[in-house]
Amino acid sequence: LPVLSHAFSRPTYPLAHYLGLWWIPLAYLGALAYAGLYTRRDPYWEEVRRCLIGATAGAVLIFAILSAAKIGGDASRPVVVLTWALLLVALPLVRGAVKEALFTVGLWRRPAVLVGEGALARTLVGAFRRHRTLGYDVVEVVADPSRAAERAAACGAREVILATSQLERAEFLRLIERLRGVTENILIVPDLAEAPVLGVEVLGLMEDRALLLRVPNNLLRPWNLAIKRAFDLAVGSALALTVLPLIAVLAVAVAIDSPGPVLYVEPRIGRRRVPFACFKLRTMLRDADRLLERYLESHPEAASEWARYRKLRAYDPRVTRLGRFLRRYSLDEIPQLINVVRGEMSLVGPRPYLLPEMAMLEGDSICDVRPGMTGLWQVSGKNALELRERARLDRWYVNNWSLWLDVIVLAKTPQVILRSE
């Protein structure tokens, strides 16, 4: 950094200069420790959030010391800013890569026994295999809770994950007492299938021996909605101006490829079930509805697929040659930035549902927010998900919404598009 930065008047400094800055790494280490990065095992995106908080807190602390204590000497403020910017990117990537490597060689593994059966147990086993940065290695699944302590001791499990709801309260407490003698930690998985889980706070009332879960409803806070709208307007406007030349090129290509209008305008269900005109680049031939009807009549398997997904994933007779390319990389949805700027859509949100699907959403929380250009279901399987599964994921997004969740979805979207998923 001293060589690369123009903030220094000389290309290098004597060693004594850098030794005098010993407190800067300590400030960052203290801030990262305060953010919980050395004492917690979190899923990747939660760790990313803590990395950003820790790096930012460290930079603020360093600036405060430089300004107030006057101990910084020749410490360059531009270099501090550059270091902070590099940490925002490098810290999550390096920590994730190191944990993956340590898990592979066994140094980050914590053997765990999972107590449970059925769909929940299978889901958890798959989740721990995907989230290797957590370090939990499920070595055995025990269906019978009465054998949990025995199997945990035999496997040398340092973690026991309780994902069973078949026990009465007294039996459950006795099981925990038995497990406390054979394992370091017990993870309790409550059976709250569709309940909000992000941002939940655990409150313990010591005198009353009561456990409370505080579930925030961020969408009822006007300030949060204002932040989301400001984020959409700022980022959406910048993206719209950036891709304007691309839209012009694609519009000309659509006009050349097949006769018809360049834009396809379709009514969709918006916030509070108010319809709006959704913009897309046209990807279909004329008489698309008639072509679809004939195709479904002569292809029963396609009719079944349409009923389940409201899409034809392998072949759609309505789609033009260029349209297949545009849909593959979601380029046909770029004009929806206009809807975002106009306030009819959001960058991230539920799918903009069709008017015939209104009945399915009657009284649904999905319509409490603006539909999005991208969303949770798009980064969780895109067209491979059935319509009801998409609606379930959209509902989960609404119930768990936070600005950080929007950032996660936006960060995942480009790789999903590039993989044509």
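Every read-out reported here was derived from the displayed coordinates using simple, explicitly stated rules and does not represent laboratory data. Just so you know, these numbers come straight off a predicted model, no measurement behind them. Using ideal geometry, Cβ is built from the backbone for each residue, glycine included, and neighbour counts are taken over all protein chains shown.
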Once both label points are put 7 Å beyond Cα along the C-beta direction, the S67-E305 separation in nm becomes 6.0 nm
Filtered hits (aspartates and glutamates, Cα-Cα < 12 Å from K311, offset >= 8 within chain) -> E386
Stretched fully, the stretch from W23 through E207 gains (0.36 nm per residue minus C-alpha distance, one decimal, in nm) 62.0 nm
Dividing the mean separation of Cα pairs under 8 Å (6+ apart) by the residue count of the chain yields a relative contact order in percent of 10 percent
Which of L52, L198, L167 fluctuates most in a GNM of the chain (C-alpha springs under 10 Å)? That residue is L167
Taking every alpha carbon pair in the chain and sorting the distances into 10 angstrom bins from 0 up to the bin holding the longest one, the percent per bin comes out as 4, 15, 22, 22, 19, 12, 4, 1, 0
Relative contact order as a percentage, region 110-191, C-alpha pairs under 8 Å and 6+ apart, gives 36 percent
Stretched fully, the stretch from L239 through R272 gains (0.36 nm per residue minus C-alpha distance, one decimal, in nm) 9.2 nm
For region 15-105, the Cα-Cα pair-distance distribution in 10 Å bins from 0, as whole percents, is 16, 45, 27, 11, 1
Net charge (Lys, Arg +1; Asp, Glu -1) of residues whose beta-carbon lies under 11 Å from that of V139, V139 excluded, is +1
Comparing Y353, Y136, Y295 in a Gaussian network model of the chain (Cα, 10 Å), the one with the largest mean-square fluctuation is Y295
Contour minus Cα-Cα span, S402 to A230, at 0.36 nm per residue, comes to 60.5 nm
For L187, other-chain or 5+-apart residues with amide H closer than 5 Å (H placed, Pro excluded) are V160, I161, L162
FRET efficiency for L354 and F325 from the Cβ-Cβ distance with R0 = 35 Å, rounded to 0.05, comes out at 0.90
Here FRET efficiency (C-beta to C-beta, A143 to V249, R₀ 51 Å, nearest 0.05) is 0.30
Of D208, D316, D191, the most mobile residue in a GNM of the chain (C-alpha springs, cutoff 10 Å) is D208
